[in-house]
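Below is one structure, written out as structure tokens, with a few remarks after it.
The values are calculated or read from the model by the stated rules, or taken from the named source; none is laboratory data. Quick caveat: nothing in here was measured; it's all calculated off a predicted structure. Positions of Cβ are generated from backbone atoms using ideal geometry, with glycine treated the same way; all protein chains shown enter the neighbour counts. The accessibility values were calculated without ligands, DNA or RNA, using every heavy atom of the protein model including side chains. Shrake-Rupley method; radii C 1.70, N 1.55, O 1.52, S 1.80 Å.
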Amino acid sequence: MKKDEINGRIAALRDAMQQNGVDAVIIPQTDPHQGEYLAEHWQVRRWLSGFTGSAGDLVVTRDAAFVWADSRYWLQSAAQLDGTCIGVMEDGKPEVPSIAGYLCSVLPKGSMVGIDGMVFSVSAAEALESALKAKGISLRVDFDPIDGLWTDRPALPKNEVFVHEEKYSGESATSKMKRVMAEVTSQNADAAFISDLAEIAWTLNVRSSDVECNPVVTSFLYLDENGGRLFVDADKLTPEIRGYLADASVEVSGYDEVKGFLASLPADKRVLVSAAQTGVALRSVLGERAVVGKSPVAMLKAVKNDVQLEGVRHAMERDGVALVHAFMELEERMAKGVETTEMDVADILLKHRAAQPLFFDLSFDTIAGFGPHGAIVHYSANKSTNATLKPDNLLLVDSGANYIDGTTDITRTISLGEPTAAQRHDFTLVMKGHIALGTAIYPEGTRGAQLDALARINLWKEGLSYLHGTGHGVGHFLNVHEGPQSIRLNDTLAPLTPGMITSNEPGLYREGLYGIRCENLVLTTEAFTTEFGRFYRFETLTLFPFDLSLFDTALMTDAEIDWVNEYHAMVCERLLPLLDSHAQAWLVKKTQPLK
């Protein structure tokens, strides 16, 4: 995108701000469903700024503009915003202020900050308003920053809705709705309003392809003791889906009818809304009817049932087969001297995954970063950055798929030539953290933040670190990122519970040189019970070998070496029966025991 085009859009936004008496505007990277991955219609921050990262908020004042980007996107945002009127705030650095702190420092008393209340959650808006009010700055929650500016804005998606069959989901929509309503009642409410697209998809066992790589349906959902009401574009519903919803006692209204419906509810209706997942504008429509609490769906969705877990294990096997064939092809191309780029790597992975039964889509756009690009945590290759692979550095590949019976997410770092001692040293430190976390035994009630240091301690001892989280929840044929659990330095207060699937992905990034990340998905399971209570452990679900050439066994304990060998033995046991003889020989070679 041309830099002067971006500058022109910011100038037009400033004109609109002046006309509306707004001194600063905040444009978050989200939508009315507080989503992380967005349909094109909601890519407002990207359209205004040209920055394409999946996280990071844009702030525009009358004379300055910045994107607050976290550590995953510091390098990418700097490159994409270079030459524009927009700077980068490297969010996470001690010297970088919060957005509210920045606005309080640059705006005089009596100023007005504008936001679109549909895309600002209740909790975010309340925190912002409180911070601004302390400095005499007011907050307007009905300012649409691109009203009249984005004239060719994409329409809302109209992809058809389909049922995620119970043989894969393991539970009917009717049963789920009852369990959700029990949670609603426990929070002293008698109805629920759900904005989160993955929660709606899970509750009703419906899917679509409205958001790239996320099989969700653009909609809102209202539930009470009589059933539900789905607010969705009627063009997306086949007669079969309408019948399915009717059988589950779910009525249908238009997507844009949601405000009118909420406003029409009886005054004594107590409607539970999630503070973190509901737009402040919708909460305002409910007024005194709103019971602001926590999501009644998040924990239910995060804990997978036996049918889902069996599906995930099968999906991991098919994904492992696809990865074997993909990395075999990559090696063959390199050996023959066939020019291969980062984008080629993504295409090869997609080709082999798409050949597997029950494949639906990727679970996110593949990250294939060669050499220095591997140090850009959420790097995305494009025609201008697409590097050619050479046998002299590391290749970091973070990829995954959505199968009808499960979602996968795996990162492997491989050496395309003879690794250096420094690369082997760094890789082994990362793997020591991966193993320490993967083998943890922890008591009931433990949260991810209490385990996070296990993955980092060997790096910290040498003055090294990484700034992203170590683990995120993973959906079941849903979003690859889900809560409420996570494994990171800041605490999300959600205990790791049997049935939860979480990633284990420590890393290390040497800017300008290479990046290393090692990721498996792990399942929280029962370990044992003692007089001190119940204890849990992780079961590793992902099935694909780590690069043997990158281990420095001199840095490893016997137990760590045993873990690698036992993991590779499991990979062989599960995958060899599914491979032809050529692929079997490749996998056996890649899983020879470390000594």
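The figures follow:
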item: Filtered residues of region 126-155 (kept if in a loop (DSSP other than H, G, I, E, B), out of contact with any Cys (no Cβ under 6 Å at 6 or more places or on another chain), open to solvent by 50 Å² or more (accessible area, probe 1.4 Å) and not β-branched (Val, Ile, Thr)); result: 134, 144, 147, 148, 152, 153, 155
item: Top-ranked residue of region 493-543 - restricted to ones that are among the charged types (D, E, K, R) and free of Cβ contacts under 8 Å to residues at least 60 places away in the same chain, ranked as farthest from residue 315 (Cα to Cα); result: 531
item: Neighbours by Cβ (under 8 Å, 6+ apart or cross-chain): first from region 32-52, open to solvent by 40 Å² or more (accessible area, probe 1.4 Å); second part of a helix (DSSP H, G or I) and of a type in the set (S, T, N, Q); result: 52/76; 52/80
item: Within region 278-331, considering residues that are polar (S, T, N, Q) and not in a loop (DSSP other than H, G, I, E, B), the one farthest from residue 180 (Cα to Cα); result: 284
item: Some residue of region 370-389 being modelled with pLDDT of 95 or more, farther than 21 Å from residue 503 by Cα, of a type outside the set (A, V, I, L, M, F, W, C) and in a loop (DSSP other than H, G, I, E, B); result: yes
item: Test result for residue 9, of a type in the set (Lys, Arg) and either part of a strand (DSSP E or B) or under 22 Å from the mean Cα position of the chain (by Cα) (or both); result: no
item: Qualifying residues in region 253-270 (those that are open to solvent by 40 Å² or more (accessible area, probe 1.4 Å) and aliphatic (A, V, I, L, M)) - the one nearest to residue 155 (Cα to Cα); result: 263
item: Set 491, 552: member being of a type in the set (Asp, Glu), touching a Lys or Arg at 6+ places or on another chain (Cβ under 7 Å), open to solvent by 10 Å² or more (accessible area, probe 1.4 Å) and modelled with pLDDT under 95; result: 491
item: Close pairs (9 angstrom Cβ cut-off, 6 or more residues apart or separate chains): among the aromatic types (Phe, Trp, Tyr) in region 357-385, open to solvent by 40 Å² or more (accessible area, probe 1.4 Å) and at pLDDT below 90 anywhere; result: 364/37; 379/75
item: Condition met for residue 546 (loosely packed, with under 13 Cβ neighbours inside 10 Å, more than 20 Å from residue 309 (Cα to Cα) and touching a residue at least 60 places away in the same chain (Cβ under 8 Å)); result: no
item: Only one of 273, 250, 292, 321 that is of a type in the set (Val, Ile, Thr), at pLDDT 95 or above and open to solvent by 20 Å² or more (accessible area, probe 1.4 Å); result: 292
item: From the options 363, 380, 399, residue that is under 22 Å from residue 466 (Cα atoms) and crowded, with 24+ Cβ neighbours inside 10 Å; result: 399
item: Residue match in region 57-66 (condition: closer than 30 Å to residue 194 by Cα, open to solvent by 10 Å² or more (accessible area, probe 1.4 Å) and of a type outside the set (S, T, N, Q)); result: yes
item: Subset of region 67-88 [closer than 21 Å to residue 115 by Cα, in contact (Cβ under 8 Å) with a residue 24 or more places away in the chain and open to solvent by less than 30 Å² (accessible area, probe 1.4 Å)]; result: 68, 86
item: Strands (runs of 3 or more DSSP E) enclosed by region 483-595 - at least 3 residues per element that are more than 24 Å from residue 407 (Cβ to Cβ); result: 507-510, 520-530, 533-540
item: Matching entry among 591, 524, 529 (being farther than 30 Å from residue 371 by Cα and surrounded by 18 or more Cβ atoms within 10 Å (Cβ to Cβ)); result: 524
item: Number of the condition not met by residue 169 [criteria: (1) farther than 20 Å from residue 303 by Cβ; (2) among the polar types (S, T, N, Q); (3) in contact (Cβ under 8 Å) with a residue 60 or more places away in the chain]; result: (1)
